[in-house]
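Peer 1: Quick one: the structure is below, and I'll ask about it shortly.
The values are calculated or read from the model by the stated rules, or taken from the named source; none is laboratory data. No experiment lies behind these values; they were computed from the predicted model shown. Reconstructed Cβ throughout: ideal geometry from the backbone, glycine too, with neighbour counts over all protein chains shown.
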Amino acid sequence: MSRVYWFGALGLVSASVGCKNDNSLTANPIDSVAVTTGDFDYVALPLDRMVIPHESYEGIISVATWDREYDPDLVQLKVETLLGNIDELSFHGAVFVASGTRGLGAQQYNGLDPDDTLLTNPAVRDNVRAYVEGGGVLIVTDWAYDLVQLAWPELMVTVGDGAFDGAQAGNNGTIIGRVVDPVLSAALGEDSVALEYNYSNWAVISSVTKGTVHIEGDVAYKGDVDSGTLELTRAPLLMSWQPEGALGKVVLSTFHFDAQTPEVMDTIVTTVIGEFEEAPTTSLTVARGGAR
């Protein structure tokens, strides 16, 4: 049995749970989904296909669209507003943080300037921990893994030195993932799936603790100058945790949502994260009590 969520007057409610204990959730009222727009992964694509309403927070790195030159009226919501403000974050029951979201790296991938404004802000760490503890579902992809490592360093081990961006070493290409979660395997109708890694230097996770690995695979990644290309067997590719004492959960995908086939990605979203129905027509702005 898969977890089923529906939108209603009280928000998103867990109707049934059919997964492992460390992945189980209590009823978590939710009436909004947030996504960040990053440079490398359009995480909203499966939500768009399934007509799941969501609110976007701009987080582009390569072109600072948060600057007045590009957004003179500051009409776009910003990732800094989402992760830096616990009230804003807590408004949403599910938050998708895309790979390539601004502020979640050691330095800009296309330059030498630092890009760690969110990671070095203690309020961001505290906010995401409180968000999940209170029942929120946090979903991150690839380079956004640093956010999970920052808030819950005990949950996983990565390749590299453990520093920001240290795990960004994976080779691009197709990996045949083994679906080791029986619930997801049943939903997909397969025990293996072809996953596309459309960019190199994706975040390689060595192992997870106290969590659930949904998909694993054998990967090749870049070592140091002396070691060259290294291989890792049974590396976690899709995983989730319910941190101790938390009512919500964390989901980490090493692959990009927008690079996968619709059938595979949509099934992963509805099985591992939740099955959503279309929200009421009342606007999110009105539900908040007015425009900001």
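Peer 1: Tell me which residues, restricted to region 189-224, are polar (S, T, N, Q), in contact with a helix residue (DSSP H, G or I) (Cβ under 8 Å, 6 or more places away or on another chain) and surrounded by fewer than 23 Cβ atoms within 10 Å (Cβ to Cβ).
Peer 2: Within region 189-224, Asn198 is the sole residue that qualifies.
Peer 1: May I pose another question? Can Val148 be described as in contact with a strand residue (DSSP E or B) (Cβ under 9 Å, 6 or more places away or on another chain), buried (at least 21 other Cβ atoms within 10 Å of the Cβ) and assigned to a strand (DSSP E or B)?
Peer 2: no
Peer 1: Another question, then. For region 235-257, does any single residue satisfy the condition of being within 25 Å of Tyr57 (Cβ to Cβ), in a helix (DSSP H, G or I) and modelled with pLDDT of 95 or more?
Peer 2: Scanning region 235-257 turns up at least one residue that is within 25 Å of Tyr57 (Cβ to Cβ), in a helix (DSSP H, G or I) and modelled with pLDDT of 95 or more.
Peer 1: Also, I was wondering about something else. Which condition number does Ser227 fail, the rest of (1) surrounded by fewer than 23 Cβ atoms within 10 Å (Cβ to Cβ); (2) farther than 17 Å from Thr174 by Cβ; (3) in contact (Cβ under 8 Å) with a residue 40 or more places away in the chain being met?
Peer 2: Result: Ser227 passes all but (3).
Peer 1: Would it be correct to say that Leu74 is surrounded by fewer than 19 Cβ atoms within 10 Å (Cβ to Cβ), modelled with pLDDT under 95 and under 21 Å from Ala203 (Cα atoms)? Walk me through it before giving the result.
Peer 2: On the way: surrounded by fewer than 19 Cβ atoms within 10 Å (Cβ to Cβ): yes; modelled with pLDDT under 95: yes; under 21 Å from Ala203 (Cα atoms): no.
It is false that Leu74 is surrounded by fewer than 19 Cβ atoms within 10 Å (Cβ to Cβ), modelled with pLDDT under 95 and under 21 Å from Ala203 (Cα atoms).
Peer 1: What tally of residues in region 161-195 results from selecting those that are assigned to a loop (DSSP other than H, G, I, E, B) and either among the polar types (S, T, N, Q) or within 16 Å of Val219 (Cβ to Cβ) (or both)?
Peer 2: 5
Peer 1: Let me ask another. If Ala291 passes every condition in (1) over 19 Å from the mean Cα position of the chain (by Cα); (2) at pLDDT 95 or above; (3) surrounded by fewer than 20 Cβ atoms within 10 Å (Cβ to Cβ) but one, which one does it miss?
Peer 2: The single condition Ala291 does not satisfy is (2).
Peer 1: Residues Ile176, Ile205, Ile139: which one is more than 17 Å from Val97 (Cβ to Cβ) and hydrophobic (A, V, I, L, M, F, W, C)?
Peer 2: Ile176
Peer 1: Give the number of residues within region 151-179 that are more than 17 Å from the chain's Cα centre (by Cα) and buried (at least 21 other Cβ atoms within 10 Å of the Cβ).
Peer 2: Residues flagged as more than 17 Å from the chain's Cα centre (by Cα) and buried (at least 21 other Cβ atoms within 10 Å of the Cβ) within region 151-179 amount to 6.
Peer 1: Of the residues that sit in region 80-131 and are among the β-branched types (Val, Ile, Thr) and not in a loop (DSSP other than H, G, I, E, B), which one is farthest from His54 (Cα to Cα)?
Peer 2: Val124
Peer 1: What single numbered condition from (1) surrounded by fewer than 23 Cβ atoms within 10 Å (Cβ to Cβ); (2) small (Gly, Ala, Ser); (3) modelled with pLDDT of 95 or more fails to hold for Ala98?
Peer 2: So Ala98 meets the others, but not (1).
Peer 1: Just for region 135-145: of the residues that are touching a Gly at 6+ places or on another chain (Cβ under 7 Å) and among the small types (Gly, Ala, Ser), which one is surrounded by the most Cβ atoms within 10 Å (Cβ to Cβ)?
Peer 2: Gly136
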